[in-house]
Amino acid sequence: MKVEQMLNQFYDRFSENEKYLCHYLTGHYEDCAKSTLAEFAKGSSVSQTMWIRFAKKIGLSGYGELKARIKMELKEGRALPEGLMEKVTQSYHKMMDDLVKRDLKGIFDLIYEADKVFAYGSGSSQARVASEMTRIFLPLKQMIHIHGHDMIHAIQKIARPQDLVFLISLSGESDNVVELGKALRVNHVPTVSVTRMKNNTLASLCTENLYIHSVQMPVEYGMEYEISTPYFILTEFLYLSYGNYLAER
């Protein structure tokens, strides 16, 4: 059992002083792993005896075992990136395999025939993708980057049935982008959704759908982050493939 699991298991039985030790420890794992008992006690302004008793309270022999376990867990945690990189790389390969096998002619026909092509990203990362899409496609097809929630109503007003709108979203479930998808569908405006999930509301509203294989940073890293590279891989693949489409016409 990991130290954090031990702390959670015994937390309800801790006194107020022991809860303070628990909170201090979880915020100073690195210090504990490299400090002697005397050093750690001084840094926490708590006596050495209290730290020894605390370690025993959660089922360990003393501070020495607590330090050794934390040191080992931190070392294991640092080994995680190798597994993460393998997972990310596999997701890239899987997405490329799916794209190569897919017939994208329907999407390319929409791009070619559209008077105007708009690209809208529903979040900060998606807005960057929309911006990159308009930039990279410039030699082949002019696109208009629309960004910001306050521009949703503007798109509804200016987009026409002879145009095309790319809707780039993470989950395809945010209220704003779903509202936009519904409005464009009512107005008979062709749309292409770009999302990470195959079953989502936005995809069901759009004329064509594209999907990325996204990877979220594991909770062990202590941060909320989703790999955005697949969006840009997809954008570049679409650009190169659309170039081939034009050459064959």
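The values are calculated or read from the model by the stated rules, or taken from the named source; none is laboratory data. All of these numbers come straight from a predicted model, not from anything done at the bench. Backbone-built Cβ (ideal geometry, glycine too); neighbour counts: all protein chains shown. We work out accessible area using only protein heavy atoms, side chains counted, and drop any ligands, DNA or RNA first. Shrake-Rupley method; radii C 1.70, N 1.55, O 1.52, S 1.80 Å.
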request  = Within the range 237-246, identify whether any single residue is at pLDDT 95 or above and surrounded by 22 or more Cβ atoms within 10 Å (Cβ to Cβ), and answer yes or no.
outcome  = yes
task = Please give the helices (runs of 4 or more DSSP H) falling wholly within the range 1-93 in which 1 or more residues are free of Cβ contacts under 8 Å to residues at least 24 places away in the same chain, within 38 Å of the chain's Cα centre (by Cα) and closer than 30 Å to Ile227 by Cβ.
result = 3-10, 16-26, 63-78
ask   = Out of the residues in the range 133-147 that are open to solvent by less than 50 Å² (accessible area, probe 1.4 Å) and in contact (Cβ under 8 Å) with a residue 24 or more places away in the chain, which is nearest to Ile158 (Cα to Cα)?
value = Ile146
query = Any residue at all in the range 166-186 that is surrounded by fewer than 21 Cβ atoms within 10 Å (Cβ to Cβ), more than 13 Å from Ala119 (Cβ to Cβ) and in contact with a Cys (Cβ under 9 Å, 6 or more places away or on another chain)?
reply = yes
key: Residue ID - nearest to Phe10 (Cα to Cα), chosen from residues in the range 58-91 that are of a type in the set (Gly, Ala, Ser) and modelled with pLDDT of 75 or more   = Gly59
note = Residues of the range 2-36 being open to solvent by 100 Å² or more (accessible area, probe 1.4 Å), under 17 Å from Gly59 (Cβ atoms) and either in contact with a Leu (Cβ under 6 Å, 6 or more places away or on another chain) or basic (Lys, Arg) (or both), in sequence order, are Lys2, Arg13
